[in-house]
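Asks: What follows is a single structure, and I will ask about it in a moment.
Nothing in this text is a laboratory measurement; each read-out follows from the coordinates by a stated rule. Keep in mind that what you see is a predicted model, and the values were worked out from it rather than measured. FYI the Cβ positions are ideal-geometry reconstructions off the backbone, even for glycines, and counts take in every protein chain you see.
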Amino acid sequence: MDYFAGSKYIGVSLLISNNPEAGALDRAVQRNVPIMILNKKDFFANDAIIKFLLSEKTDLIVLAGFLWLIPEKLIEAFPGKIINLHPALLPLHGGKGMFGMNVHRAVLEAREKESGITVHYVNKNFDEGKIIFREKCALSPEETPQSLASRIHLLEHEHYPKIIEQVLSA
């Protein structure tokens with residue numbers, strides 16, 4: 001939201017969350033970005049969100065920390081218009097349950113030499129869509145899940161907005 005605040009061409013028109021406690025909701029309200037809380041049953045049982053997003057002429061759906069599998073009907077309604085940010089170097093350490101500290105612990109337990117972020121298109125499977133961008137960082141022997149999470153967070157903030165801009169400009 002901050003990255004695009006001064007842009008004449010790109011803006012965040014809505015923040016949708018499945019978590020009513022998400023910190024991003026407070027940041028959206030502070031920036032006058034409308035918010036919507038999804039109900040899991042409605043999200044999967046009907047097409048209301050698809051109809052709403054189509055009526056809003058949504059150009060791109062940007063996921064960050066969204067842990068539900070996206071319904072195929074939503075993917076079909078927005079082909080090539082849904083992207084996700086993953087806190088590891090896919091295809092490693094992706095899939096159901098691989099989020100947050102789970103990912104960072106898995107990376108360290110696998111004794112990886114590097115980690116990073118991956119931006120990818122969303123398809124019907126968790127973390128298996130076509131990769132758009134990856135950024136790596138070397139791991140130190142003293143690395144902890146917490147220190148890795150902090151480093152990954154910095155990479156996300158540095159690169160995700162730029163990749164969103166590139167995808168929208170393509």
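Asks: If you go through segment 24-71, how many residues are under 18 Å from the mean Cα position of the chain (by Cα) and on the phi > 0 side of the Ramachandran plot?
Replies: 1
Asks: Of everything in segment 86-97, what is out of contact with any strand residue (DSSP E or B) (no Cβ under 8 Å at 6 or more places or on another chain) and hydrophobic (A, V, I, L, M, F, W, C)? Give them in sequence order.
Replies: 92
Asks: Name the residues in segment 124-155 that are surrounded by 15 or more Cβ atoms within 10 Å (Cβ to Cβ), over 13 Å from the mean Cα position of the chain (by Cα) and assigned to a loop (DSSP other than H, G, I, E, B), would you?
Replies: 128, 139, 143
Asks: I've got another one for you. Kindly indicate whether any position in segment 84-93 is hydrophobic (A, V, I, L, M, F, W, C), surrounded by fewer than 19 Cβ atoms within 10 Å (Cβ to Cβ), under 30 Å from residue 51 (Cα atoms) and in contact (Cβ under 8 Å) with a residue 24 or more places away in the chain.
Replies: Within segment 84-93 (the criterion being hydrophobic (A, V, I, L, M, F, W, C), surrounded by fewer than 19 Cβ atoms within 10 Å (Cβ to Cβ), under 30 Å from residue 51 (Cα atoms) and in contact (Cβ under 8 Å) with a residue 24 or more places away in the chain), the answer is no, since none of the residues qualifies.
Condition check ((1) out of contact with any strand residue (DSSP E or B) (no Cβ under 6 Å at 6 or more places or on another chain); (2) closer than 24 Å to residue 152 by Cα; (3) among the hydrophobic types (A, V, I, L, M, F, W, C)) across all residues:
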residue	(1), (2), (3)
23	yes, yes, no
44	yes, no, yes
47	yes, no, no
66	yes, yes, yes
74	yes, no, yes
